[in-house]
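Q: Okay, here's the structure, questions in a sec.
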Amino acid sequence: MRGLCLCRTCQKISGGAGNLFIGLEADGFRYSRGEPRRFTHPEAADAPTREFCGDCGVHIAARSPRAPGGLIVKVGALDDPAVFEGPSLVVWTEDKHDFHMVPEGARAFPRVPGRP
Ligand SMILES: [Zn+2]
C-alpha cells in the first residue's frame, strides 16, 4: 500500500505536509543494520509505536495495535524514495488544509477506511 496520511499527528511529525508511507507485512521487513529507538505515547489508547534512528532522529516506521502484523515505513527514510511512485491512498482528509494536495486518481478517505 502506498499512502499519504494528513492527520494532525503526521502534520506535526513531518513539519506540516503530512506523511508519505508504504504499508506492508511486518514479517517481510527487517533492519539491515542496528535497531531503532521506539516511542509509544503513554496516554493515547491504541497508540502506534514509532521507530526512529537513534543517531539522527529520523522517523523510520510505525506499528499499530489496530493493524497487527502490519508495518508502516516512512518514504523519506528509504535509501531510494523513488521506488514509492506516489500515494494511491490518502487518509485523514478531514484534517486536510488548503495547501495540501491529494493526487489525482488517489482514493481519499476522511479518516482511515473501516475505522470510526
Ligand atoms: Zn497520520
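Q: About its Cα centre, how strong a charge dipole does the chain have in debye, to the nearest 20, once Lys and Arg get +1 and Asp and Glu get -1 at the Cβ?
A: With only Lys, Arg, Asp and Glu charged at Cβ, the dipole is about 260 debye.
Q: Per residue, how much accessible area does the chain have with a 1.4 Å probe, in Å²?
A: Result: 66 Å² of accessible area for each residue.
Q: A further question on this structure: Which FRET efficiency, nearest 0.05, do E85 and V58 yield, Cβ-Cβ r, R0 22 Å?
A: After rounding to 0.05, the efficiency reads 0.55.
Q: Under the rule of at least 5 residues apart or a separate chain, name every residue whose amide H is placed under 5 Å from the amide H of A108.
A: Those lying under 5 Å, H to H, from A108 are V90.
Q: How far is it, in nm, from the label point at R33 to the one at D46 when both lie 7 Å from their Cα along the line to the Cβ?
A: The modelled label-to-label distance comes out at 3.7 nm.
Q: Run the simple label-point estimate for L24 and D98 please: 7 Å along Cα→C-beta, distance reported in nm.
A: 3.9 nm
The values are calculated or read from the model by the stated rules, or taken from the named source; none is laboratory data. What you see is a predicted model, and the numbers here were worked out from it, not measured in a lab. Cβ atoms come from the backbone with ideal geometry, glycine included; neighbour counts cover every protein chain shown. Just the protein is used for accessible areas: all its heavy atoms, side chains included, with ligands, DNA and RNA removed. Shrake-Rupley method; radii C 1.70, N 1.55, O 1.52, S 1.80 Å.
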